[in-house]
Each structure stands twice: as C-alpha cells, then as structure tokens.
Amino acid sequence: MAHEATHDHHDDHHHHAPQGFFQRWVMSTNHKDIGTLYLVFSLLMFFIGGSFAMVIRAELFKPGLDLVQPYFFNQMTTMHALVMIFGAIMPAFVGLGNWMIPLMIGAPDMALPRMNNLSFWILPFAFTLMLSTLFMAGGGPAGGWTMYPPLSLQSDSLAYVVFAIHLMGISSIMGAINIIATILNMRAPGMDLLKMPVFVWSWLITAFLLIAVMPVLAGAVTMLLTDKYFGTSFFNPGGGGDPVLYQHVFWFFGHPEVYIMILPAFGIISEIIPTFARKPIFGYRAMVYAIASIAFLSFIVWAHHMFAVGLPLGADIFFMYATMLIAVPTGVKVFNWVATMWGGSMTFETPMLFAIAFVILFTIGGFSGLMLAMVPADFQYHDTYFVVAHFHYVLVTGAAFAIMGATYFWLPKWTGHMYSEFWGKVHFWCSVVFVNVLFFPQHFLGLAGMPRRIPDYNVAFANFNMISSIGGFLFGASQLIFLGVVVHCAFFAKKKATDRVWEGAKGLEWTVPSPAPHHTFEVPPVVRDEELAHGHTDD
Amino acid sequence: MSQQHDVYYVPSKSQWPIVAAVVMFLTVFGAAHWLNAEPGDTGFGKTVITIGAIGVLCMFFGWFRSVIKESLAGNYNHQVDTSFRMGMMWFIFSEVMFFGAFFGALFYIRNFSVPWLGGEGHGVLTHQFLYEAYSGAWGTAGGNGPLHVGGAFNTVVPWGLPLLNTLILLTSSVTVTIAHHALRAGHRGRILLFLGLTVLLGATFLYCQAHEYMEAYKELNLTLHSGVYGSTFFMLTGFHGLHVTLGTIMLAVIWCRVLKGHFNKEHHFAFEAVAWYWHFVDVVWLGLFLFVYIL
Amino acid sequence: MTSGSIRTGRIEPNQHRTPPGRWAGIRRAGAVSLALALALCSGLAQANPEPGQLNLTRGVTTWSEVPYFLNNVVLGVCVVIGILVFGAMFIAMFRFRKSRGAVPEKWSHNTMVEVIWTTIPVLILVALAWLATGGLVSFADTTGSQMTIKVTGYQWKWRYDYVDYLGKPISKVGYMSKLDALSDKTRQLHSGLDPYAVTTDGYNTYLINVDKPLVLPIHTKIRFVITSDDVIHSWWVPQFGWKMDAIPGIVNTAWTNINETGTYRGQCAELCGQDHGFMPIVVKAVSQEDFAKWLADQQQASAPAPAAASSAAAPASAQTAAAPAKAGNG
Ligand code: HEA
Ligand code: HEA
Ligand code: CUA
Ligand SMILES: [Cu+2]
C-alpha cells in the first residue's frame, strides 16, 4: 500500500511490478511488497491490540466495575498482550527486516521468496483464528498471555489459541530461517559480515533466537493441549507432573522472546543515531558483541519470572546473578549511543527524536528490570503494576518507539516522498508526553501494592489509575496522528525524497533511488567502503 | 564465502503460499472445533479438518511439483542451492529445539517433580502435607504420580522391540549413506536398492512401533493417561514416530525421483535434505532409547 | 490508625533481627542513595495502601525491611546512573548540534572508555548482588519456627488451618476467609454502590477486607505452608515483604515474624480466574496473650457440636466452605 506509486517512477527498465492486485499482493515473491504487507498488518494489529488496552484502561479509570465483567476484562488483558506481541511488534520487525535487509546488504531479494510470502500469509489466518474466540460462547482465552496451567486449562478456547500459536510459530520460524539464509548467503561481494549495518546484525541474532525458542513455545502449548484434551499429566502433580514445569518451559521461550522484541530495535536505533549525528556508530564491534552476549544470556535467565513460585534457593541465586549480568552488555549499548552523539553534528528530525526518547525511556525500563532482578525486592514487585510499568517502558517506549522511528526514517525510501515533518513532530511530542503519563504512575501503583490483572481496585489506587487512564486515552489518540502521517506520505505527499534522503545517511540502501524500485541489485552492487557506515574495519 | 553471482533467480509468483495458509488454517480450525465438540455435534469440525488435511497434501504435492520442475529446468544456481541447504539445516535445528522442549520436560519430571513429590530435597513439605504414602519412584513403581493416575501399569522392556527398532534405524542410517555415496558415484541401481531398503526399514520401524503401542495399551496398561510416565513416553515416542512417518514418505518420494532420473552427481539437494532429516530422526531415537526406555 | 503506631514504634532493640550484623555497615554505605530515594519517594511505612503512596511499604516484620531497603538502594543507584547517562546525553545534544555549527569528529572507538564502562557496572552489580543474596538467604531459612499455618487457595477465597503452635499440634482450627459482603455487593457490575463508602475504622477497605481475617501472634516466627486446591494463587501481604505462590498439588513455604500488632491487608497476586481481583487477605496481628486466648476459644468452639459454636472473637463457621455470593458467577 505504502508505495502503490512505486512503479511509475524510477523503475528498472523491464522489471515492473505486476499489475494485478491479487497477483501483486497475494502471490508476491517480492521482499518489498511482502515487507509492506507485514507492516500494514502490524499497524492494524497495533490498533486492535490498542483498543483492547483502551478497554482495560477505561475499566480501570475509577474504582468500581463500570464497563465489563471481570471475565471479559481478563480476556482483554490476555488478547491485548497476545495481539501486541505476536501481531504488532514481531511482524513489524519482520516487515522492516524484509524491506531493509536485502537493500542493506546488496541482495536482489530474500533468499527464499515464496516461503517469505507464506510466512506472511499465515499470520492473518492465525489471528482470525485467535480473535474469533472472542465471539464464541465461552469467550476468548482469559488466563493471561502466559497461559499458566491449571487456569488456562479451564477455558474452552484453549485449542483455538494453541493452534493459532502453532501457526504463528511456524510463520516466525520460516521468517527467521529466511532472514538467516538471506544474510549469510545473499550479501553482495565485499559486504563482509563485519561491514554489515548493526540492524542486519541485530536481525541475524534475533533470527537465531526465534528459531531456537519458537519451537519450545510450541512444545509448551502442545503439552497444555494434551493435558486438557488427551489426559496427559505434565502439569498435574497427582500424576507426577508439576504446574511449575510449564512455567519453566514457557519462560525458556518467554525471556528470549522479550529480547526478540528489543534486539531489532537496538539495531534500528544504531542506524538512526549515527545518521543524524553525522558520525559513525561508536564501538561497532562492541555493539555487535553486546547483542550477541545479550542473546546468549537470554537463555539462562528465564526463572527471573518465577521468583515467587518457590524455587530452591540456589536456583533463585543463579537466575538473579545471570539476570543482573544482562545490564552490562545493555549498558555498553546505551553508552555507545551516547558516545556516538558526542562529538557529532546533530539535527533532530522525527526519527532522531524517537531514537533519543528510546534511549532514555528504554533505559528507565531497563533500570526497573534490574530492580525486578533483585529477588527479595521482586518478592514485593512481582505481579504488581510495577512489572506492568517495567515492560511497557521496554516494549512501548522501547520496541514500539523504535518501530515508529524506523517508519519515519525509511518512509521516504519506501514511498519516494517526504512525510510531514511538522506532523511527525506533533506525533512525537504527544506520544512521548502521554506515554509517560500513561505508564510512569504505574510504578507507584505497583509499589503501593496494586496487583496486575485485576479489573477493580481499592480507592487508595484511584488517583494514579485515573492519571494513567487519561494518559492512555491521549496516547492512543496520538497514534491516529501517526496513521495520518503515514497515509498522507504514502498517497498524498508532494515533496519528493532524494535518494540519500538524510544528509548523514550511509549505506547501500541509500544508494538506490527513492522510492526503491520494485527490483533492486539484480546485478550485485560494487561495495565501496567509504559508502558504508562501517566500511572501516579497524574497530 | 560469497557465491558466484550469476544472474539471481527470482522465483515466479506462486499461488501455493496462499493455498498453504488457507489449508493450514482449515486443518487447525477443524481440529480445534473437533476437540471442543459436544456429544451431539454434527461433525462439522471433522469435515473441516478432513478438507484441510487433504488440502495440505495437495498443496505439498503442487508446491513441490513446481519446485521440481524449476529445478529440472536448471533454474537453480549455486546460490539458490545454498539457500535451500541453509533453510533445511535451520529447519532441522528448530525441530531439535521442539524435541528439546519434551526432553527438557522429561528431565525435569524425572529429576525434580517426581522426586520432590516423593519428599526428596525441595519437596519435603509437599510430601509431608499432601502425599505421605508416595515414594517418588520412576517407572512402574510410581511414574504415574501420587494419585496413581491411569492405574497400575508395566513398562516396555527396552531389550525387545525397542532394541530391534534401534538396530533398524541405525541400519537405515547406514543404508541411506550408502545410497548417497552411490548417488555421487552415479550407480543408479545401487541407489535404488539402498534407498529402497531405507524406506523399507523405516516402514518396519513404524510397524514395530505400532505393535509396541498396541501391546502397551492392551497388555501393559501403559497408556497416555498413565501419569507422567505415560505422558512423556507417548508424547516423545509419538512425535518421533510422526517424524519417522514423514521421513519415510519423503524417502519414498526421493526413491521415485531417483527412478525418474531427477538427480545427478552434482545436483541432488533434495536427496541430501531428506538424508539429513533421516539422520536427525535417527539421533533423536538414540536419545529416546537411552532416556525413555533404558534409564 | 495502625499506620501511625508503626511509624513511631518500629525499632525494637531487643528484637532479633534476621539480617545479621554485617548489614549495618552496608546500610551506612547506602545511606546516601537511601536518603536520595527517600527524598524522591515518601517511603514511610504504611499498614495499608494509602492514596498517593509512592514507594514500597517498609513493612512490619523482622524481614520486611530487606526488600524495602534493597528497593531504595537499587533505585538510588539507578537514579544516579540515570542522571549521569542522561546528563551526558543532554550535554551532547546541546553542544554537538549542527545548528550551533558543530562539525562531526572522526573517531568512533576508544578502548579505554569502553573498558571502563564495562567494568564499573560489573562492580556495581556485584555489590547489589551481594546485598540481595544476604536477604534471600535469610528468607529461605524457615528453621526455628514456633508456629505453622497452612494456607490454601481456592477460586476465590483462602483457607487457613492452624497446624501447630509452640511445638503443640493443633487440630481442627481452620476456616475460610473471603471477600466481605459489602465489598462484594459493591463490586458487582453496575451495582450503583459507591466504592468510597466501603470503610472499616475510617479506612477505605473496598476489596481489601474479608469476613474472617487470619489471626496471628506477634513476636513469633511463623512458618507458612502454602498450597492450593484448584489453580495457582499467590499469597501476598505487602507488610510482610513477600508473596508466595499457592500451587495445586505442591506445598511452598515462607515465614514471618511480626513486630507490631495491627491489621495488615493484601491480595491474591496470581491471576486465578474471573474473581482474581476479589480474593483479599487480611491478617490481624495480636499480642501473644490475646492470641493464646483466641486460639483456646477456637479450639473449644470446634470441639463440641458445631451448632453450639460461637465466641466473641469470631464466629466459628470454621469448616464451612461457603461462598454463596460468588457461586452465581461460576
Ligand atoms: C522488550 C522487552 C523487555 C526487555 C528488553 C526487558 C529487559 C529486562 N527485564 Fe524484563 N520483562 C519484560 C520485557 C522486557 N524486559 C516483560 C514483557 C515482562 C513481564 C512478562 C509477564 O509477566 O507478563 C518482564 C518481566 C521481567 C521480570 C519479572 C518480573 C516479575 O514478574 O516479577 C524481571 C525480573 O528480573 C525482568 C528483568 C529484566 C532485566 C534485568 C532486563 C534487562 O535486559 C535490562 C537491562 C538494561 C538496563 C539495566 C539499562 C541500561 C544499562 C545501563 C545504563 C548500564 C548501567 C546500569 C546498571 C549497572 C544498573 N523483567
Ligand atoms: C507488546 C507490546 C505492548 C504494547 C505496545 C502495549 C501497549 C499498551 N498497553 Fe499493554 N501489555 C502488554 C504488552 C503491550 N502493551 C503485555 C505483554 C501485557 C501483559 C498481559 C498479561 O498480563 O497477560 C500488557 C498488559 C497491559 C496492562 C495490564 C493489564 C492487567 O494487568 O490487567 C495495561 C493496563 O493499563 C496495559 C495498557 C497498555 C496501553 C494503554 C498501551 C498503549 O500503548 C496502546 C496504545 C495504542 C492504541 C490505543 C491503539 C491505537 C489507537 C486507536 C485504536 C484509536 C482509538 C483510541 C482512542 C481515541 C483513545 N497493558
Ligand atoms: Cu487467587 Cu488470584
Ligand atoms: Cu525475562
């Protein structure tokens, strides 16, 4: 959608986009079209998941049940998270990867274009399956996105959700395989691994995480399914099992999953900041190693979500130490971003604003993560709004802000037109103010003792909840501006984008015309080091 | 590292991905509906799942047919071949992780949950307050938990059919390797013979496993319901069996393609992919034999 | 009410403190950040959530100060690091902007600073980990307890059974504890009732009040054994400083030693179905003498025919597992 206009301009001579709508969008083998599909789908899901969040915030506006039944509230919480995680954030990153990775490494397309198309087209069906449960007699899943048994086994929608997750898992695994094959096999000659943009690196590592953990999630939910429908006892102590086993398997997936949702964001920020600071990223290699260390550590910290389930002391201690260690490579990244700005020559277009907000607000989320990692303190924080505040800082002002920044950053390359800088900035300032009004008070609520996943609360929590809800509505409304800016840029904008778009932009993706023609790099480009952001290999 | 970059092959548009998405959806939608069916259900779920499953088969047939055609037409250059290889390798890695989840569950159950329920280590209080009579043993003596879910059962003796099955799979790994060497040496007859043998061995394995399952259900009272012992036993061996089934079918397809002369000394990625898969299935079985049957 | 007395009477020198002596030095070391944290958040001990409360409660038990203290220290550390990092960033944003004519430097690497900013966080983390480990070890030690309470979670109420006290087993003292009737009526969808009108002793107890609180003695090391009958719940009283999951078929353990008499309120802290938000916990901490009396009454009440049972302290509807108000929602 974003570049319907693509083919009438700078197109390559004989390779025009196919004309039929169905042919082009449904049977596509083109990484740009499929990337667009992913991005549009993800935006749609962001709005659906966001409207569920609005139901949550509306019910929590003041004490007393005013809008929905508690059971429906739980369905909203569960669906909100599932839709946001699997429908909005992850597909957005896959879409960005699809669009940009081949451009960045000088590849003509993804390595396995048809599988790429399948990866995408599974998603709308998977979400139809999952969302349809909301209209069924028993309602949707209501056990939280973590689906702990035995509670999750009480719901009839379990089978639908489990199968939907299987489908999403298949989609993610295929998408990840494709990205790995593309990066390892399709680079233009001269594009050495350590000359790749950090975004490509972050995706390479993320793809590895995806392939490693999505099957584990599939296994976990399969055990739920057989426990409910086929009489197995994995999670039933009467039969020798243990409900805690599910939590171990789930979080073995779940923790790497949260880094799946942040590593590509790190990559994006590492592209945006050098561009607008007009100075190469500081400590390129350290950035790559940091991502790899975070990915490695993410496999040995899962039980920090389970400090209150009564683990043996030794386990608590091990998982606490391992979790705290993650602050080190993450800190390296934060410091390197600041050092990239230091000594630069900065301008503050919308993508840069989002990147700066990301660095600050993600770090705040990281700090609360570190607080959560301290086991005795987590005994208090666990399952309160403090946790909710933590993960929205890393997910909304982290992942989602990075995605928005990336959209502004690359939109001119996709559409060939500049978006409205004014409205982009309006969107930014509204978002950054309201998101803090929305989530910062939730720290206080958690510390004061408000549990998460409750539809109603004591009046002592009333004032901060009301502030948070107001922030929520305003933040939600601000996203309509985002929609407006994107639609305007894609269809109505007049101002043409140059090929380089941003003065400080470096890398192969900025050497192709704007909008990027339907097919690029059919003949491998000549990679010249001075054109790359990391052409020098000395650091 | 970098490949010979002759003109990149962009596969043509294809309807198969969207067909695949639709039939997969139908299959799982039907399955979910079926699982939740009330006693007097019309069988709607069953119908849908049947349509979906047939659709999946047709889709695989159609998709692979078009890929084979393109491959025979010589469209796939070295780079495409490498992409396929990477794809297959990482797919197998994802399968390893899938089995890893179940092996992990088995590990946890045997080393933590069952002993703890029996009062060892971290489980003192659980045992004292809830299951004082339970000893926390594995296998026949208590692998179905403190409440004896599924009733008394006997375990499968590893040195009978399972051992035979181990030998069968090991042999089949050898035969498939011989066939591979034959392919590289260009001995068509030998390929067909040894690949055929591999298929037969796979089928024999499945026959033995079916037999073993029947015996377990009828004579040993070892069922999927036999507490965690039954759960882990049948889920692990069952998923493995499914993979053997898939592998055998793939081997059979490859056999037919050899017959049709689809492969030559250099170009036989499909053959290799299936061989890798078969070795993977084999290795998983060794893990099963050790951790599920013997220990 | 209760909160006032806690603020004044917290420190009791004769009381055995679980965090051993080495804590004292660290406390002094952390004083700076603590003061900072206190300045930011009015971290006063409260017996119940209070409107506008910004920080964790300090709690009322011998151990509850551990998470509180740790929270303040780590918060202080983060604030300091935050000020440094964001401060540097804002300086950069001010000094190195194109509009001020800044020209980009050429360097993009400096091993020295990279080593420094990898090492310093490690050192900070080691210190934090050391603090946390001490607190965790003291929590894990349930030995030497003088009393055992069995807590069982149900959808959506709690059951308390008194197992032993001062070495003597107790039989048949146990009862269900569920959301009080007024909160329950008020919380129905469109009930038209005002949550602000649900008060006890002048304190709003909407959704944090029960029909029968758990009665516990102070200055007694109490061991909890926690389990559940259906799905996972979590037993949490913020003033005790911990929560512990109640898992069906599994028994978890935790302990507390309350310093102050008073009423302490908490809530179920693990999603357990539709009424997860409506299964509060109330602990009434009384002096050891009062407790002995109360316990005797309870034992007496449960000994004869249940119909005759009735005492001033609490109606002994002990073994009835009734939750009529919520049955309709099931
Ligand atoms: C993008 C997602 C994302 C990210 C990046 C993180 C990052 C981190 N998370 Fe978070 N987390 C979630 C998503 C995420 N988390 C979610 C969704 C949940 C809840 C799930 C659920 O229950 O539903 C959760 C829950 C969660 C818990 C469980 C809480 C509970 O339920 O009781 C814990 C506990 O340890 C934790 C810790 C951490 C830590 C230590 C980090 C670290 O990676 C943070 C590291 C970053 C920094 C520390 C800041 C920058 C560093 C410096 C400036 C260097 C110097 C700093 C110091 C030395 C302090 N997280
Ligand atoms: C992955 C990313 C992600 C994102 C982006 C968000 C975004 C938001 N979340 Fe998220 N949330 C989670 C992941 C995410 N969340 C997870 C994992 C949980 C845990 C679930 C669990 O406990 O199982 C959770 C739980 C959760 C809770 C706790 C629920 C509970 O414990 O019961 C709350 C409450 O405030 C909340 C609020 C919000 C809000 C207001 C937003 C906003 O940022 C959303 C903004 C977007 C929109 C509003 C949509 C766009 C706009 C419109 C549709 C226009 C119309 C709207 C108006 C005019 C107002 N979320
Ligand atoms: Cu019980 Cu939540
Ligand atoms: Cu985590």
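The values are calculated or read from the model by the stated rules, or taken from the named source; none is laboratory data. If you're wondering where the values come from, they're calculated on a predicted model, not measured in any experiment. All Cβ positions, even for glycine, are placed from backbone atoms using ideal geometry, and neighbour counts span all protein chains on display. Just the protein is used for accessible areas: all its heavy atoms, side chains included, with ligands, DNA and RNA removed. Shrake-Rupley method; radii C 1.70, N 1.55, O 1.52, S 1.80 Å.
So B:HIS211 passes all but one of these: (1) out of contact with any Gly (no Cβ under 8 Å at 6 or more places or on another chain); (2) within 14 Å of chain A (Cβ to nearest Cβ). Which condition number does it fail? Looking at each condition in turn, B:HIS211 falls short on (2). For the stretch C:58-89, the set of residues classified as facing chain A (nearest Cβ under 7 Å) and open to solvent by less than 10 Å² (accessible area, probe 1.4 Å) consists of C:VAL66, C:PRO67, C:LEU70, C:ASN71, C:VAL74, C:CYS78, C:GLY82, C:MET89, listed by residue number.
So A:TYR71 ticks every box in (1) farther than 23 Å from A:THR407 by Cα; (2) open to solvent by 20 Å² or more (accessible area, probe 1.4 Å); (3) within 16 Å of ligand 1 (Cβ to nearest atom) but one. Which box is left unticked? Only one criterion in (1) farther than 23 Å from A:THR407 by Cα; (2) open to solvent by 20 Å² or more (accessible area, probe 1.4 Å); (3) within 16 Å of ligand 1 (Cβ to nearest atom) is unmet by A:TYR71, namely (3).
Checking each residue in the stretch A:272-297 for being under 25 Å from A:LEU411 (Cα atoms), within 11 Å of chain C (Cβ to nearest Cβ) and within 22 Å of the chain's Cα centre (by Cα) picks out A:ILE273, A:PRO274. Assess whether C:VAL198 counts as being free of Cβ contacts under 8 Å to residues at least 60 places away in the same chain, within 22 Å of A:PRO451 (Cβ to Cβ) and touching a helix residue (DSSP H, G or I) at 6+ places or on another chain (Cβ under 7 Å). So C:VAL198 passes the test. Among all residues of the stretch C:104-122, there is none that is over 30 Å from C:SER228 (Cα atoms), open to solvent by 50 Å² or more (accessible area, probe 1.4 Å) and of a type in the set (Gly, Ala, Ser). Exactly one residue out of B:ASN154, B:ASN75, B:ASN111 is without any contact (Cβ under 8 Å) to a residue 12 or more places away in the chain and more than 7 Å from chain A (Cβ to nearest Cβ): that is B:ASN111.
Residue-level check: of (1) open to solvent by less than 20 Å² (accessible area, probe 1.4 Å); (2) in a loop (DSSP other than H, G, I, E, B), B:GLY40 misses just (1).
Within the span defined as the stretch A:108-118, every residue fails to be more than 14 Å from chain B (Cβ to nearest Cβ) and assigned to a helix (DSSP H, G or I). When we screen B:GLY186, B:GLY227, B:GLY247 for residues that are at positive phi and crowded, with 20+ Cβ neighbours inside 10 Å, the only hit is B:GLY227. If you check B:VAL174, B:VAL124, B:VAL96, B:VAL114 for being among the β-branched types (Val, Ile, Thr) and buried (at least 19 other Cβ atoms within 10 Å of the Cβ), only one passes: B:VAL114. Name the residue that is farthest from C:GLN274 (Cα to Cα), counting only residues in the stretch A:153-174 that are of a type in the set (Gly, Ala, Ser) and open to solvent by less than 10 Å² (accessible area, probe 1.4 Å). In this case the residue turns out to be A:SER171. Which of the residues belonging to the stretch A:317-330 are open to solvent by 10 Å² or more (accessible area, probe 1.4 Å) and either farther than 21 Å from A:VAL388 by Cα or within 16 Å of ligand 2 (Cβ to nearest atom) (or both)? Scanning the stretch A:317-330 gives A:ILE317, A:PHE318, A:TYR321, A:LEU325, A:VAL328, A:PRO329.
Here is a yes/no grid of residues against (1) over 24 Å from B:PHE103 (Cβ atoms); (2) assigned to a helix (DSSP H, G or I); (3) touching a Leu at 6+ places or on another chain (Cβ under 7 Å); (4) of a type outside the set (Ser, Thr, Tyr):
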{"residue": "B:THR140", "(1), (2), (3), (4)": "no, yes, no, no"}
{"residue": "B:GLY150", "(1), (2), (3), (4)": "no, no, no, yes"}
{"residue": "B:THR177", "(1), (2), (3), (4)": "yes, yes, no, no"}
{"residue": "B:GLY189", "(1), (2), (3), (4)": "yes, yes, no, yes"}
{"residue": "B:LEU195", "(1), (2), (3), (4)": "yes, yes, yes, yes"}
{"residue": "B:THR223", "(1), (2), (3), (4)": "no, no, no, no"}
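For C:LEU216, the conditions (1) more than 11 Å from chain A (Cβ to nearest Cβ); (2) closer than 30 Å to A:THR146 by Cβ are fulfilled apart from (2).
Per this entry, A:ILE180 is counted among residues that are open to solvent by less than 20 Å² (accessible area, probe 1.4 Å), closer than 18 Å to A:TYR289 by Cα and more than 16 Å from the chain's Cα centre (by Cα). Scanning the stretch A:346-355 for residues that are surrounded by 21 or more Cβ atoms within 10 Å (Cβ to Cβ) and at the interface with chain C (Cβ under 10 Å from one of its Cβ atoms) returns A:MET346, A:MET352.
Return yes when A:SER233 is under 30 Å from A:HIS382 (Cα atoms), open to solvent by 10 Å² or more (accessible area, probe 1.4 Å) and of a type in the set (Ser, Thr, Tyr) and no when it is not. Here the answer is no, as A:SER233 does not meet what is asked.
Residue count for the stretch C:90-99 under the criterion of being open to solvent by 40 Å² or more (accessible area, probe 1.4 Å) and within 9 Å of chain A (Cβ to nearest Cβ): the result is 5. The lone criterion from (1) open to solvent by 50 Å² or more (accessible area, probe 1.4 Å); (2) part of a loop (DSSP other than H, G, I, E, B); (3) not aliphatic (A, V, I, L, M) left unmet by A:PHE491 is number (2). For beta carbons closer than 7 Å, sequence separation of 6+ or different chains, a first residue in the stretch A:360-375 that is within 14 Å of A:PHE440 (Cβ to Cβ) and a second that is within 16 Å of ligand 3 (Cβ to nearest atom), there are no qualifying pairs. Within the stretch A:412-465, the set of residues being assigned to a loop (DSSP other than H, G, I, E, B), of a type in the set (A, V, I, L, M), closer than 30 Å to A:PHE379 by Cβ and in contact (Cβ under 8 Å) with a residue 40 or more places away in the chain comprises just one member, A:MET450. Note on the stretch A:298-316: among residues that are touching a Leu at 6+ places or on another chain (Cβ under 8 Å) and facing chain C (nearest Cβ under 8 Å), the one that is most open to solvent (accessible area, probe 1.4 Å) is A:LEU313.
Just one of (1) under 19 Å from the mean Cα position of the chain (by Cα); (2) within 16 Å of ligand 4 (Cβ to nearest atom) fails for A:VAL249. It is (1). Taking the criterion of being within 14 Å of chain C (Cβ to nearest Cβ), in a loop (DSSP other than H, G, I, E, B) and at negative phi, the residues of the stretch A:26-64 that qualify are A:LEU60, A:PHE61, A:LYS62, A:PRO63.
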